[in-house]
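What follows is calculated from the coordinates using simple rules that are stated; it is not laboratory data. Worth saying up front: this structure is predicted, and the values here are computed from it rather than measured. No Cβ is skipped: glycine too gets one built from the backbone with ideal geometry, and neighbour counts run over all protein chains shown.
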Amino acid sequence: MGRAGISAFVAFAVGLLTLLSLLLGDNPALFGGQPGSEVLAERLALPGDVLLRLVVIVVALSIVIGIANLLYVHVGRVARGKFYSAVLLASFAFTIYWYVTNRGDSSLLEAAQVPIESALASLLFFSLVYGGARVMRKRADIWGLLFVAVVIIVLLGSLPLAELAPVKAWSDWLMAVPVSAGARAILLGIALGTVVAGVRAMLGQDRSYRG
Amino acid sequence: MSEEFNWLDYVEQEESAPAPARRSGLRRFLPRLPRLPSLPRLPGRPRLPRFPGLPRLRRRRVDAAPGQPSAADLLGAQDERPLEALDDRLLQLRERSSADSQPEADAGQPLYDVDDVLVTPALLQKPGGVISADALAKAQEQQVELLRDIVGGATQDEGQGGRRLMPGRALFSLGALPRLIVASVLLLGVSLPFVSSNYAEGELPPSQFPVAAQGAAAVYSLLDSLTANDTVLVAFEYGPMAAGELDPLAELALRHIVARGAVPLIVSSSPIAVARAQNIIRAINRSVAAGGLSLQHGIDYFILRYLPGGSLGIRELNENFADVVRVSAKGVLTGLAFDSLDDMAAVALIAESAEDLRNWAEQVVPELEDTRLLAFTGMAAAPLAQVYADSRDEIFGLVAGYRDAFTYAEMLQAKFGASKPQTGQPEPEPASSNAGHDTQADQPDAAGAQAERAEATVRALVASLQPSPTAPSPTAPPPTLTPPPTLTPRPSNTAVPTATELPTATATVETILIVEVTSPQQVRIRRGPTRADDILRLARAGDSFEVLGANADGSWYNIALAPGLAGWIAEFLVEERTSTRAAFEAGQASASAGPPAGPVILRSVFRFSLGKTRPRYYQVNSPTTSDLRDYVLLRNRSQEIPRLEAMTLGSLAAALAIALGNVFYALGALRGRRREGRA
């Protein structure tokens, strides 16, 4: 067994242990309520608990590493005369300085990031409407017509206008039946996909554990 | 990775100066703006510290010779899996990668700028661009082209001039006219209601939620049934992009929780959202500052530490709840001692996306036994959230979007007399309505409104002191709340104070059960009937308190500290006796004649300092619940109605633009087909 095989075996074993721990742990009823079943269930839950904490700690550390890597890359770009990298580094330093000297003051977030991201969300509205208005430009067929009709019905149905009550009934039906069915189908698909992806990852089919 | 070549050894080459872009349309007549300044180049790459033992990842300078493989070639050179194990699509991808990595394919590009590597001229010459060349099938390439055409981006044929895949079309050219028209119509639609109320369209949202078993009315009812001993976990799962829609919902939920005297524990798996929650608390503090009060972190609310790891972090919250609540967002120990999420009266989730809701529904809800998850979402996440709310009894909800926020605020106003939104047209204030604090100056009869508001506050206080704390709203079914800590009534002649007796307490002779502190030392009154619970205040020998109940084994008394504020004291520290209410209140009045005037709360703060944990104690004056309730629901709602009208007009304009645009383009397409048929 080579290095990749050992890595894959370790990944499989840890995955299986976590799975069993989450499924069987903290559930004494699975053991028939026999004396000592609670202790057994608690012990089974322990590996999953410990591994979960380890993963969270690793994820938290990866954020720190990510910040360090970001700075490393942009220091190099500043050396090549990249203006926006210099802006990024200056913003980083200023934000750290501001937060350290004004503990708890997040006015930078309020004054810069919230307006910028809200503006982006507003621009998305314009882009979507413009895209919706051009659907038939390229695809003038029954599917394009269906798309446009549904968009208009749902848009008009969401308006608080008494004159549009019949449209609102259609819109409610669309949201309650097709949209709800689609949402449930998406959830089922996600669940099945998660199971398959998990099994493939545990078996080393999707990920390389060569280190 | 192949042994022959290590991509980490690449360094970037000198960039050739880009050719000046051709200007089209009216932009030709505009003066050229100067380019952004470039920083001077340093003589060499900065020397970064090297640590012995670590592998050397990058060489300082390597001349990239023609023929060196590109990143796409490296993909093809991977030997992790045998060729026969690849499916057709991966084989096709491998062949394309090999074809793209010929010596003339601009080899040796730097890896610092990813686009410099990936967007090579050879790839750009592919029909679908760099993405389709490497990863997309033929059908997907067509879909990309279709999507690009729909949103008005340049096709590949138009975009061969430079590195940009979608060069901007001239702003005022004829081709951009439809875009300008659509943008103008939408801009007018969303702007006019803020300019004049003459353009108001549509009805305002209802003043009450429709009755539904687990709908928004149930969410309101459950939060409205909270008591002073309850804690609510509030999960902020949204970023600044959704702040405009979800901030009002989050603010209303927090104000409602605090107004009921409960304590919100704020948590998030996004560090930005933690900062956002602090800003909302700051906005609430601006409201209560009118009464000289402020919400104290560690007493009135807690902001817990950020949960890294996305769904795993949420899972950890569920599995290790006691650890998560132990530390605040600033790394300070909170002193909270909860074992599980079921110790919460409710879990309020304010989610931006369906993904956030799915994480909480999958990682948290299955472990809840008595606690309910209340869902506050944006309109985008509402369809999926509705599916969860319909499917699981543990999820109450949902309150979605700005219109529901308006209705929620109306219900709070009806109950607590909070501020009312100002419409664009001045309307006479109804005699029965209660003007808000920030609108009183505009009212003709400010004194009358003040009196009405005071009366409403008293009514709210009386209602909150009813024996049954879970008073449902008239339109909502009674919620299935977690029962509060068991209070075993003592077999005595105790007359539990009724709410209606409070304003006229001196008019009746009533016997009550009180406890008097007998311990010679100061004793602690805690938030719950355990020594692990927070200390609310200290008491000295001779202090007496009215008894509200006791825990199951009688080892702790539940005592009244102030209107709406209760605490627990150990039984062995006090002596039980009876008294008349008049005598008791007279004794309390004489005892409280001297300072301090308000209830004193002892707060302990632990700070980490280089491995040492040093407790520090200090005293703060905490407002009582009734004081807070007077001010905590005061909000500036002047922009609510124009925003709702802008949403209506904007949606109308969007529907109009989509309908007219598609009619125009469909007619054009039909005409084109007819012309082709003739040809």
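Some values worked out for this structure:
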item	result
Using θ = phi - 60° and Karplus 6.51 cos²θ - 1.76 cosθ + 1.60, couplings along region B:296-306 (whole Hz; Gly, Pro as x)	9, 5, x, 10, 8, 7, 9, 10, 7, 5, 5
Region A:94-211 shape via C-alpha gyration tensor axes, a/c threshold 1.5	oblate
For chain A: rounded, prolate or oblate by the Cα gyration tensor [a/c cutoff 1.5]	oblate
Whole-Hz ³J(HN,Hα) from phi, Karplus 6.51 cos²θ - 1.76 cosθ + 1.60, for region B:221-232, glycine and proline x	5, 5, 5, 6, 9, 5, 10, 5, 8, 8, 10, 10
Order of A:T95, B:T407 - criterion: other Cβ atoms within 10 Å of each residue's Cβ, fewest first	A:T95, B:T407
Computed E for B:V195/B:V663 - FRET, C-beta separation, R0 25 angstrom, nearest 0.05	0.25
Inter-chain shielding of B:198-204 (mean C-beta neighbours from other protein chains, 10 Å cut-off)	2
Selected from A:L46, A:A90, A:N27, residue furthest toward positive end of dipole (region A:1-142; charges at beta carbon)	A:A90
Residue mean of other protein chain beta carbons inside 10 Å, B:317-329	1
Region A:1-105: C-alpha gyration tensor shape, a/c 1.5 cut-off, then a/b vs b/c	oblate
Exposure proxy ranking, count of Cβ atoms within 10 Å, fewest first, for A:V73, B:V190	A:V73, B:V190
Among A:189-199, B:308-318, the order from most to least packed when residues are scored by Cβ within 10 Å on average	B:308-318, A:189-199
Under 5 Å, built H, 5+ apart or other chain: amide partners of B:L398	B:A216
Using θ = phi - 60° and Karplus 6.51 cos²θ - 1.76 cosθ + 1.60, couplings along region B:539-551 (whole Hz; Gly, Pro as x)	9, 10, 4, x, 5, 10, 9, 6, 8, 9, x, 8, 7
Trypsin sites (Lys or Arg not before Pro) restricted to region A:54-134 and DSSP loop, no more than 14 other C-beta within 10 Å	A:R103
Net length gained if the chain between B:L90 and B:R674 were fully extended (0.36 nm per residue, minus Cα distance)	206.0 nm
A:L203-B:R540 FRET efficiency (beta carbon distance; Förster radius 45 Å; 0.05 resolution)	0.10
Fewest-first sequence of B:S651, B:S197 by Cβ atoms within 10 Å of each Cβ	B:S197, B:S651
Kyte-Doolittle mean at least 1.0, axial Cα span of 18 Å or more - DSSP H helices of chain A	A:3-24, A:37-79, A:83-101, A:114-133, A:142-157, A:180-202
Peptide ranges B:181-187, A:11-17 listed from the most packed, as the mean C-beta count within 10 angstrom indicates	B:181-187, A:11-17
Inter-site label distance for A:L24 and A:L89 at 7 Å from Cα along Cβ, in nm	5.5 nm
Net lengthening on full extension, B:A283/B:Q296 (0.36 nm per residue, minus Cα-Cα)	3.3 nm
Averaged over B:660-670, number of beta-carbon atoms from partner chains that fall within 10 Å	6
Normalised contact order of region A:1-105, rounded percent, pairs of Cα under 8 Å and 6 or more residues apart	17 percent
B:W556 long-range amide H proximity, modeled H, under 5 Å	B:N551, B:E571
Residues whose placed amide H lies under 5 Å from that of B:V327, excluding near-sequence neighbours	B:R305, B:T334
